[in-house]
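*Asks:* A single structure is presented below for examination.
No value in this document is a laboratory result; all are computed from the given coordinates. Predicted model only: the values in this text are computed from it and were never measured. FYI the Cβ positions are ideal-geometry reconstructions off the backbone, even for glycines, and counts take in every protein chain you see.
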Amino acid sequence: MLTVAVLISGTGSNLRALLEAARHPDFPARVVVVGADRDADGLAHAEEFGIPSFTVPWHEHDSRESWGEELGRQLAVWTPDLVVLSGLMRLLPPALVAEYSPRLINTHPAYLPEFPGAHGVRDALAAGVTETGASVIVVDDGVDSGPILAQERVPVLPDDSEHSLHDRIKPVERRLLIDVVRRIATGELPLNTASSTLS
Ligand code: GAR
């Protein structure tokens, strides 16, 4: 059984979808802990599902490295096989990336390498594209630049707002995330050779 830690910053709707999938007896992975960089609304999902959680408040640290060290200490307690960034709106420091990558994956609301960064949906709208997408990637030291594990296109509609477009992207993200976690757990998607075999 693959053990998974999930890190969030926001509402945790993708986290919730993973928790729902993972409670099915046939699902080959379990969420063992949820962490956040703030008092995120999504921590309520962990509580509802009886999953332990922790918060490492960003504003209580004077550097990314110090914050990352504490985050690393909290994660280490659970020895997760996989760490999922599911709406964590912070870059991890290189030391933490080095410790977990490629067992460190991220969901992103755009068709990478298009529109990386914190505003993937807004940037796609501003660019006037007719389609964007959702991606699940391995985290590396860049910004949303790691090997792509799964991605799918989502059309942009003429009257889309950032909110309506993001609302249509998220269900796709959830499906991709759950499928990627399942395939990692079954060994169908090997991560130890991520950079050479996954594209
Ligand atoms: C998701 O769309 C996720 O891809 C995005 O934040 C949202 C979190 O939603 N992450 C990024 O944009 C990271 N660059 P949720 O809290 O409802 O799951």
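*Asks:* Say we look at the range 156-165 and pick out the residues that are of a type outside the set (D, E, K, R) and surrounded by fewer than 17 Cβ atoms within 10 Å (Cβ to Cβ); which of these is farthest from the ligand (Cβ to nearest atom)?
*Replies:* Pro158
*Asks:* Restricted to the range 3-57, and to residues that are within 12 Å of the ligand (Cβ to nearest atom) and part of a strand (DSSP E or B), which residue is surrounded by the most Cβ atoms within 10 Å (Cβ to Cβ)?
*Replies:* Selected residue: Val6.
*Asks:* Is it the case that some residue within the range 60-83 is within 16 Å of the ligand (Cβ to nearest atom), touching a residue at least 40 places away in the same chain (Cβ under 8 Å) and within 27 Å of Val172 (Cα to Cα)?
*Replies:* Looking through the range 60-83, at least one residue is within 16 Å of the ligand (Cβ to nearest atom), touching a residue at least 40 places away in the same chain (Cβ under 8 Å) and within 27 Å of Val172 (Cα to Cα).
*Asks:* Also, I was wondering about something else. Of all residues in the range 81-95, which are more than 13 Å from the chain's Cα centre (by Cα) and buried (at least 21 other Cβ atoms within 10 Å of the Cβ)? Walk me through how you get there before you give the answer.
*Replies:* Taking the range 81-95 first, the residues more than 13 Å from the chain's Cα centre (by Cα) are 81, 93-95.
If the condition is that a residue be more than 13 Å from the chain's Cα centre (by Cα) and buried (at least 21 other Cβ atoms within 10 Å of the Cβ), then no residue fits.
*Asks:* Restricting to the range 104-127, and then to whatever is part of a loop (DSSP other than H, G, I, E, B) and surrounded by 19 or more Cβ atoms within 10 Å (Cβ to Cβ), can you tell me which residue is nearest to the chain's Cα centre (by Cα)?
*Replies:* Among those that are part of a loop (DSSP other than H, G, I, E, B) and surrounded by 19 or more Cβ atoms within 10 Å (Cβ to Cβ), it is Pro109.
*Asks:* Condition first: in contact with a helix residue (DSSP H, G or I) (Cβ under 9 Å, 6 or more places away or on another chain) and either over 17 Å from Glu114 (Cα atoms) or not basic (Lys, Arg) (or both). Now tell me which residues in the range 156-171 satisfy that.
*Replies:* Scanning the range 156-171 gives Val156, Leu157, Asp160, Ser161, Glu162, His163, Leu165, His166, Ile169, Pro171.
*Asks:* Mind counting the residues in the range 49-72 that are under 30 Å from Glu188 (Cβ atoms) and out of contact with any strand residue (DSSP E or B) (no Cβ under 6 Å at 6 or more places or on another chain)?
*Replies:* The qualifying residues number 4.
*Asks:* Something else: Suppose we keep only residues that are more than 25 Å from Tyr100 (Cβ to Cβ) and out of contact with any helix residue (DSSP H, G or I) (no Cβ under 6 Å at 6 or more places or on another chain) within the range 134-155. Which one would you say is surrounded by the most Cβ atoms within 10 Å (Cβ to Cβ)?
*Replies:* Here the residue is Pro155.
*Asks:* Considering each residue of the range 84-100, count those that are within 16 Å of the ligand (Cβ to nearest atom) and either among the charged types (D, E, K, R) or assigned to a loop (DSSP other than H, G, I, E, B) (or both), and give that number.
*Replies:* 7
*Asks:* In the set Asp140, Asp144, Asp160, Asp179, which member is part of a loop (DSSP other than H, G, I, E, B) and more than 25 Å from Arg38 (Cβ to Cβ)?
*Replies:* Going through Asp140, Asp144, Asp160, Asp179 in turn, the sole match is Asp160.
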